Structure formats: C-alpha cells, structure tokens
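Below you'll find the structure I mean.
The values are calculated or read from the model by the stated rules, or taken from the named source; none is laboratory data. None of the values given here were measured: they were computed from a predicted structure. Quick reminder, even Gly has a Cβ in these numbers, built from the backbone with ideal geometry, and neighbours come from all protein chains shown.
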Amino acid sequence: MGAELGKYKSCVSARSTDKAILAGAQDGGIVTTLFAYALEEGIIDGAIVAGPGDMPWKPRPMIATTYEELMAARGTKYNISPNVSFIKEATRSYGLDKVGIVGTPCQMQAVRKGQLYPIGLRDVSDKIALAVGIFCMENFPYQSIVQLAEDHAAMKLESVKKMEIGKGKFTFMSERGAVVPLPLKVTHKYEQPGCHVCLDYVANLADVSCGSVGSPDGWSTVFVRSKKGDDIWAKSVAAGCFETKAIDSVKPGLELVTKLANEKIGKNQKTVEERKTFGVGKGLRIPYI
C-alpha cells in the first residue's frame, strides 16, 4: 500500500444488499447501510449525517437515530455540511454516548484532532464510535453549485435529481431525465480555495472510507482502516448487509484510485509550497485556510 492511500487493513469493492437504500444511493449505498447496521446492533446511538436543508441541494447536519432518517440523507451533496460542528450537539442535546459521523477527508482530520486535543470538545472525544470518510477531490460553495446548475447545465436546482463527479465530468441529472455532463475544466474555478491545500483524497483517518472511484457503476471502493472499522465491517458483511468483490478482480481497480490520489497530492502540494512564500521577511504567519 502506498502512502497516498493511507494505512488500511483491507480494500474491497462493495454494494448494499438493501434494494431500498440502493434505489436512492449515490453508488453502492455503503454509508447508509453501515450506519443502519450499526444503529440496529447498538454500535452507535445515532449518526451525524448531511441531511436535507432549507434550500435545494444545500445540506445541513442532522442526527439520524432511525433507518428512516438515514434514508432521508442518502446521496452526495457537493457542498460542505458542517457535520463536525454537531458532535457536541449529538452528545449534549441528544444525549448520545456512541456517535457515528460521516465526512470528507478534512472533516475526518478534524474529528481525530478533536479526539487528541479536545479543546472545545471536552467530554466527547471518547464518544466517536464510528467515523466514515468519503473520497473527495474538492468541494464547492453553495453559490457555485447554483451557478453550475443554472448557468452551465441550464437546470433549476429544485429540478435536479442527482449530481455526480466521475470520468472527467460533473454531471447533472434532472427529474425529467435530462443528463448534462460538464467538463471538469469548467468547474475548477468554482471550487473552494481551501480544498487546494488538502493532501488527502481517500479519508486516511476514517475507520472506514469509501467512494465510487475504482469500482464498477453502482458499486463503491471500501477501505477498512482501523481495528474498530475492521470489526464493524466484518460483522456487517457476515450479517449479509453487503455483497463484496476483491478489489483486484474489478475494473478500474486501485490503479485509478492511486492515480487520482497522487494527482491531488501533487497538485495541492504546489499550492502549499506557494503559500509558504507569503509574507516572507515580514514575520507574518499565514493562517491555514
């Protein structure tokens, strides 16, 4: 395993066996199914997920304590849901002792930092029972999503049924069946600048991380990383929650995951180096954005 993929105990291609979850899943329904299993087995009391917000495709953090609430939060929203900000809410307002949380690589870093140095997270660092990470190349401010949909894809956001990034395109799919793929070169200027200093593509610090890259359509690539993640994943597979295939038996496989992870690291390392030159000779400390 290369450093670009982080440490992991195993890697498979997988999809949920729950047809209801798959019907509205982004890819293989991994996160929803894993949290549903963990809830049912008492491994977690609830999960912090990106639920529907007040505006179309603008997520807001929510605490899911039932299968139905998990179902309401299915699918990827390509702008940030501040899930980490809900950790105290989950433990204090909801009284959860065993919290699940899903997030991007940067959010997984924040969770682990909060556990190691619990400034502002006092008394909750030991309550993270399952951290699930999702692959991420970059994210977008909400206004960027509005502009991409309306100005480039010619769709009102409320009519968009699904969005996905893959095969060099950012694709918008409407409720009426229209499919508009935008080349990624169109979308780059809309990305969050903070994403350009991130060197983690596959959520290295999660218990389990997953994404579509490397697996066939409708399946997800799953990295099982921690001892805790290994235990929960093995039990969920044994319970029949997932069907799995060896990652080296599917196309495009880990080769593509590694390629994209290296591309992100290479591209963003240049930004990191450039930022080090800001304020040279003036004693200025450039904040991490």
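Among the candidates LYS282, LYS264, single out the residue that is over 19 Å from ASP27 (Cα atoms), modelled with pLDDT of 95 or more and either within 18 Å of the chain's Cα centre (by Cα) or of a type in the set (Lys, Arg) (or both).
LYS264
Across the range 50-86, what is the total count of residues that are under 15 Å from ILE134 (Cα atoms) and outside any strand (DSSP E or B)?
Residues that pass the stated criteria total 12.
Quick test of your reading of the structure: GLY194 fulfils all but one of (1) closer than 30 Å to ARG275 by Cβ; (2) surrounded by fewer than 16 Cβ atoms within 10 Å (Cβ to Cβ); (3) at pLDDT 95 or above. Name the failing condition by number.
(3)
Would you mention how many residues in the range 248-270 are assigned to a helix (DSSP H, G or I), of a type outside the set (Lys, Arg) and surrounded by fewer than 14 Cβ atoms within 10 Å (Cβ to Cβ)?
Qualifying residue count for the region: 6.
Keeping to the range 115-133, report how many residues are out of contact with any Ser or Thr (no Cβ under 6 Å at 6 or more places or on another chain) and surrounded by 19 or more Cβ atoms within 10 Å (Cβ to Cβ).
Of the residues in that region, 6 qualify.
Please identify the pairs in which a residue from the range 93-120 that is on the phi < 0 side of the Ramachandran plot and free of Cβ contacts under 8 Å to residues at least 60 places away in the same chain has its Cβ atom under 7 Å from the Cβ atom of a residue that is surrounded by fewer than 23 Cβ atoms within 10 Å (Cβ to Cβ) and in a strand (DSSP E or B), counting only partners at least 6 apart or on another chain.
Qualifying pairs under 7 Å: TYR94/ILE63; LYS98/ALA129; VAL99/ALA129.
Here is a follow-up. Out of all the residues in the range 3-35, which are of a type outside the set (D, E, K, R), under 21 Å from PHE135 (Cβ atoms), over 18 Å from the mean Cα position of the chain (by Cα) and not in a helix (DSSP H, G or I)?
The answer is SER10, and nothing else.
Something else about it: Considering only residues that are farther than 22 Å from CYS136 by Cβ and β-branched (Val, Ile, Thr), which ones fall in the range 236-268?
VAL237, THR244 - these are the residues of the range 236-268 that are farther than 22 Å from CYS136 by Cβ and β-branched (Val, Ile, Thr).
Additional query: Go through the range 215-231 and count every residue that is closer than 20 Å to ILE128 by Cα and surrounded by fewer than 22 Cβ atoms within 10 Å (Cβ to Cβ).
So the count comes out to 5.
Something else now. Among the numbered criteria (1) crowded, with 19+ Cβ neighbours inside 10 Å; (2) modelled with pLDDT under 95, which single criterion is violated by SER212?
Answer for SER212: the failing condition is (2).
Please state which one of ASP27, ASP45 is buried (at least 18 other Cβ atoms within 10 Å of the Cβ), over 30 Å from PHE172 (Cβ atoms) and of a type in the set (Asp, Glu).
Being buried (at least 18 other Cβ atoms within 10 Å of the Cβ), over 30 Å from PHE172 (Cβ atoms) and of a type in the set (Asp, Glu) holds for just one of ASP27, ASP45, which is ASP45.
Using the structure shown, decide if ALA38 is crowded, with 16+ Cβ neighbours inside 10 Å, within 14 Å of the chain's Cα centre (by Cα) and either modelled with pLDDT of 95 or more or under 14 Å from PHE242 (Cβ atoms) (or both).
Taking the combined requirement at face value, the residue does not satisfy it.
Checking the conditions here, which among VAL84, VAL99 is within 20 Å of CYS198 (Cα to Cα), of a type outside the set (Lys, Arg) and surrounded by 19 or more Cβ atoms within 10 Å (Cβ to Cβ)?
None of the other options fit; the residue is VAL84.
Do we find a residue being of a type outside the set (Gly, Ala, Ser), under 14 Å from the mean Cα position of the chain (by Cα) and buried (at least 16 other Cβ atoms within 10 Å of the Cβ) anywhere in the range 164-172?
Yes, some residue in the range 164-172 is of a type outside the set (Gly, Ala, Ser), under 14 Å from the mean Cα position of the chain (by Cα) and buried (at least 16 other Cβ atoms within 10 Å of the Cβ).
Could you give every pair whose Cβ atoms fall below 8 Å, whose first residue belongs to the range 225-253 and is without any contact (Cβ under 8 Å) to a residue 12 or more places away in the chain, and whose second residue is part of a helix (DSSP H, G or I), counting only separations of at least 6 or pairs across chains?
From the range 225-253, the pairs are ASP248/LEU254.
Report, by residue number, each residue of the range 175-191 that is surrounded by 12 or more Cβ atoms within 10 Å (Cβ to Cβ) and within 11 Å of GLU138 (Cβ to Cβ).
LEU184, THR187, TYR190, GLU191
Whether any residue in the range 59-78 is without any contact (Cβ under 8 Å) to a residue 24 or more places away in the chain and in contact with a Lys or Arg (Cβ under 6 Å, 6 or more places away or on another chain) is what I want to check.
The answer is yes, given that some residue of the range 59-78 is without any contact (Cβ under 8 Å) to a residue 24 or more places away in the chain and in contact with a Lys or Arg (Cβ under 6 Å, 6 or more places away or on another chain).
Another one. On the given criteria, is SER159 in contact (Cβ under 8 Å) with a residue 60 or more places away in the chain and not aliphatic (A, V, I, L, M)?
Considered against the rule, which asks whether it is in contact (Cβ under 8 Å) with a residue 60 or more places away in the chain and not aliphatic (A, V, I, L, M), SER159 comes out as no.
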